[in-house]
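Derivation of every value follows stated rules applied to the coordinates shown; laboratory data play no part. Keep in mind that what you see is a predicted model, and the values were worked out from it rather than measured. FYI the Cβ positions are ideal-geometry reconstructions off the backbone, even for glycines, and counts take in every protein chain you see.
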Amino acid sequence: MTDTRDDRPRATIADVARLAAVSIGTASKAVNGKGRLRSETRDRVLAAARELDYQPDALARSMRAQRTFTVGLITSDSFGRFSIPVLLGLEDTLGADRISVFLCDARGDPVRERYYVDSLLSRRVDGIVVAGRRTDPRQPISRHDLQVPVVYAMTQSSAAGDLSLVPDDEQGGRLAAAHLLERGRRRIAHITGPVRFEAVRQRAAGLRATLAEAGLELAEEELLAGSWSEAWGREAVDALLRRQPRVDAVFCGSDQIARGVAEGLRERGVGIPDDVALIGFDNWDVMALAARPPLTSVDMRLDALGRAAGQELLAMLDGRRRAGVLRLPCELVVRASTGW
C-alpha cells in the first residue's frame, strides 16, 4: 500500500525568505506581524508562507520571548452560559497574538480552583483570567502575588489591587427604563431575581433613577424579587396584577423570568405588547428568540467583555498595571415584546 502522507521536510523561515526573495529577518517580521514593512513586501512573504505551508516554531518563539504564549481561564460557571461568550471574546483578542487559552472549570469549588491555579502556574502560563456567573465581589484566587497578571471578567475580585471587568448593570436598567418610556409606558413594574445579588440591586437602581428623571417612581408593590426561573415569572404575574392591575410594562431581571411572565400574562388574556410591554435581561437567544412574542432584552455583551479582558491582559504583559472595577456598557436589543 502506498503511503500517502507528505514526507517533505517542514518548511523553515529561511525557506520562506528564499521564496519571497527577502532576508530572513524581513520574513520573520512579516510572518509575526512585527516591524514596519512595505505592504507589497509583507504580502509577498505571507504568500510564500502559505505556499510552503509554513508553521512557526512555537517552542523557539517561546524561548526567544521567554513566554509560553498560553493563558488560563478559570471559571465557576459550569453551564457555560456566561463563561463561553467571555472565552470566545478572549480568544478573539489573544488569537491575534497566537496565544492559546486553557479552560478550567472550578465548578464553584475552592479546592478545585486552587488546584487549577497551581496547575496553570506549573505550566508557566503568561496570565490568568477568572470568570464567573455573577458579578458580586469574591475572594481573589490567591492570597499571594502570583507573579503573572490576573484579570477578573464577569466576576469581581474583592482585592483593591485587582482588575475586574463586569457589565454595567445599572446602565442596563437605565436602557430598559428609557426604552419603555419612549414607548409611552408609565406604569412600569420590575420582576427580578434575589436581591442578595449585586446585579439585581444595580439593575433596579438604574430603573428607578431613569423613572425619577421622568417624574415617576417604582413603588414598593411594583418590585417583586424571587428566583431566577420561569416558574417565578409565572407566579409573580398573579401578585403583580392583584397589586397593580393597570400595569402597562414589566422589566424583568432575566430572560428566564421574562419568559415566565409572558406565559403568565398570556394565560390571563393580557396582550404583549398591546396591553403590557415586556423586557428581559441577558439577551440569551435560547430564551429571547423562543419567547412569544420574541423578547426585547438587555445584552451584557459578554463577548466584548471577553475581548476587553484580553486587551487588558496583553497590556499587563507589556508592563502596564491597572486596578479597580471597569463597568462595560450594555446594549438593548429590541424585538416584538415592546413593539416595533
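Overview of results
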{"read-out": "Within the chain, percent of DSSP bridges classed antiparallel, to nearest 5", "value": "5 percent"}
{"read-out": "FRET E, pair Asp285, Arg196, Förster distance 35 Å, beta-carbon r, rounded to 0.05", "value": "0.80"}
{"read-out": "Kyte-Doolittle at least -1.0, axis length at least 15 Å by Cα - qualifying DSSP helices, the chain", "value": "39-52, 83-95, 110-122, 169-182, 198-213, 230-243, 255-267, 302-317"}
{"read-out": "Assigned charges on the beta-carbon of Lys, Arg, Asp, Glu; the stretch 90-180 dipole about Cα centre (debye)", "value": "280 debye"}
{"read-out": "Added length on full extension, which subtracts the Cα-Cα distance from 0.36 nm per residue, Arg321 to Ser78", "value": "84.5 nm"}
{"read-out": "Zone residues, the stretch 85-104, relative to Arg123, backbone N less than 12 Å from point 7 Å out along Cα-to-Cβ", "value": "100-104"}
{"read-out": "Spin-label model distance (nm) - Tyr115 vs Asp136, 7 Å beyond Cα toward Cβ", "value": "2.5 nm"}
{"read-out": "Residues Val86, Val261, Val325, sorted so that the one with the fewest Cβ neighbours within 10 Å comes first", "value": "Val325, Val86, Val261"}
{"read-out": "Order of Trp232, Trp284, Trp340 under a 10 Å beta carbon neighbour criterion, fewest first", "value": "Trp340, Trp284, Trp232"}
{"read-out": "Fully extended contour minus Cα-Cα distance, from Asp274 to Arg242, at 0.36 nm per residue", "value": "9.6 nm"}
{"read-out": "Extension gain, Thr68 back to Leu216 (0.36 nm per residue minus Cα-Cα distance, nm)", "value": "47.7 nm"}
{"read-out": "Overall dimensions of the stretch 195-254 by Cα: Rg and Dmax, Å", "value": "11.9, 33"}
{"read-out": "Dipole of the chain [Lys/Arg +1, Asp/Glu -1 at C-beta], most positive-end residue of Leu207, Val111, Leu241", "value": "Val111"}
